[in-house]
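The values are calculated or read from the model by the stated rules, or taken from the named source; none is laboratory data. Worth saying up front: this structure is predicted, and the values here are computed from it rather than measured. Methodologically, a virtual Cβ is constructed for each residue, glycine included, from the backbone with ideal geometry; neighbour enumeration extends over all protein chains shown.
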């Protein structure tokens, strides 16, 4: 079949017509935000610390920072976040772009005074910030954490994001919360939000992400430390991996010594039953893992394995009970039990919702832990000293 010359040029003409950007702008007109810290100053206004990425070469910004540094921060203040953002050009000479923001840090005191939804109103409404940006609440003020020098990453923003992801994956000592998940939790029936906690390390020049803050209807309610956070994630079926420490199982062993069990896979199912308006939650947790350290226990026979298995199960159950006691004491349903009741019986939940905090404090929990597939590792199934 013979193709006409005019027809062969038609696809090329269409490609030329659809090229181009709706938002015309040169790279030199923008400063690209990596992180932002939100605090309040002494006058009660918003204190915004915005951390920008510094290009390594080219452009007018390349020589503005010290050698080896990939980021710098600018502070602005106003009565609203939006106004503080629009004041950035009077310092930087460029408009801030939010397409590549990694993390948002919020000072602890702000969440005690107002809802986190109000603090993040601009970022949920503007079209530039992504829904995958991570949210953190700082112990104390948020801005000092943007001055921490990153160990490996180019900017502290990327360093904090990597710390958060690695902690969730390997230690299970914090939560991972994006803007999208924050909105989902705020809109849930219980209104409970679990937000990662960032704090200073051994020195003020380092940052640690461990533990969580529990918010009720967007406001600060209580804090869970690392150990309690591990159990909370197990109960929420969000535990990806970590270490369980337990006492020696040998009767003649030193009870102060601890051994370690690595959790490779964990699955928890919560089942709610209601009888005569009394709520019972059945917790069924299945754990797979391997022995990480043995100091006084042995795995020479089936009796040893059973004894060690029972010890690990009892330790996990005890840790869960301690965390549940904290939640019930503070009347905060961080497990989403109320959400389950709402899905099963909307009419009953409508009746219970106004006093759910009090009712949750009286919920009875029945916990069942099953540890399987224990691997003793490369060494023999006894301490190296034996």
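Worth a mention:
- Subset of the stretch 178-195 [assigned to a loop (DSSP other than H, G, I, E, B) and surrounded by fewer than 21 Cβ atoms within 10 Å (Cβ to Cβ)]: 187, 188, 189, 191
- A search for C-beta distances below 9 Å between a residue of the stretch 359-386 that is within 30 Å of residue 341 (Cβ to Cβ) and in the same structural domain as residue 323 (by TED's automatic domain parsing) and any residue that is modelled with pLDDT of 95 or more and exposed (fewer than 11 other Cβ atoms within 10 Å of the Cβ), counting only pairs 6+ apart in sequence or on different chains, returns 361/329.
- Identification of helices (runs of 4 or more DSSP H) wholly contained in the stretch 268-354 with 3 or more residues that are under 28 Å from the mean Cα position of the chain (by Cα) yields 302-329, 337-344.
- Test: residue in the stretch 20-30 that is touching a strand residue (DSSP E or B) at 6+ places or on another chain (Cβ under 7 Å), surrounded by 11 or more Cβ atoms within 10 Å (Cβ to Cβ) and modelled with pLDDT of 55 or more: yes
- A single member of 110, 85, 90, 104 is under 19 Å from the mean Cα position of the chain (by Cα) and part of a helix (DSSP H, G or I), and it is 110.
- Residue check for residue 256: exposed (fewer than 14 other Cβ atoms within 10 Å of the Cβ), more than 21 Å from residue 138 (Cβ to Cβ) and at pLDDT below 95: yes
- Scan the stretch 213-228 for residues that are touching a strand residue (DSSP E or B) at 6+ places or on another chain (Cβ under 8 Å) and in contact (Cβ under 8 Å) with a residue 60 or more places away in the chain and the total you get is 10.
- With respect to the stated conditions, residue 291 fails to be crowded, with 21+ Cβ neighbours inside 10 Å, over 26 Å from residue 220 (Cα atoms) and either out of contact with any helix residue (DSSP H, G or I) (no Cβ under 9 Å at 6 or more places or on another chain) or assigned by TED's automatic domain parsing to the domain that holds residue 270 (or both).
- Test set (1) closer than 17 Å to residue 267 by Cα; (2) buried (at least 20 other Cβ atoms within 10 Å of the Cβ); (3) not assigned by TED's automatic domain parsing to the domain that holds residue 352 - residue 171 fails condition number: (2)
- Inspection of the stretch 55-70 finds no residue satisfying the criterion of being modelled with pLDDT of 90 or more and in the same structural domain as residue 218 (by TED's automatic domain parsing).
Conditions tested, residue by residue: (1) touching a helix residue (DSSP H, G or I) at 6+ places or on another chain (Cβ under 9 Å); (2) surrounded by fewer than 22 Cβ atoms within 10 Å (Cβ to Cβ); (3) modelled with pLDDT under 95; (4) part of a helix (DSSP H, G or I).
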| site | (1), (2), (3), (4) |
| --- | --- |
| 127 | no, yes, yes, no |
| 131 | yes, yes, yes, no |
| 136 | yes, no, no, no |
| 152 | yes, yes, yes, no |
| 197 | yes, no, no, no |
| 210 | yes, yes, no, no |
| 215 | yes, no, no, no |
| 229 | yes, no, no, yes |
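- Residue 90 fulfils the conditions (1) surrounded by 10 or more Cβ atoms within 10 Å (Cβ to Cβ); (2) modelled with pLDDT of 60 or more except for a single criterion, (1).
- Total residues in the stretch 198-212 satisfying the condition of being in contact (Cβ under 8 Å) with a residue 60 or more places away in the chain and within 12 Å of residue 163 (Cα to Cα): the figure is 3.
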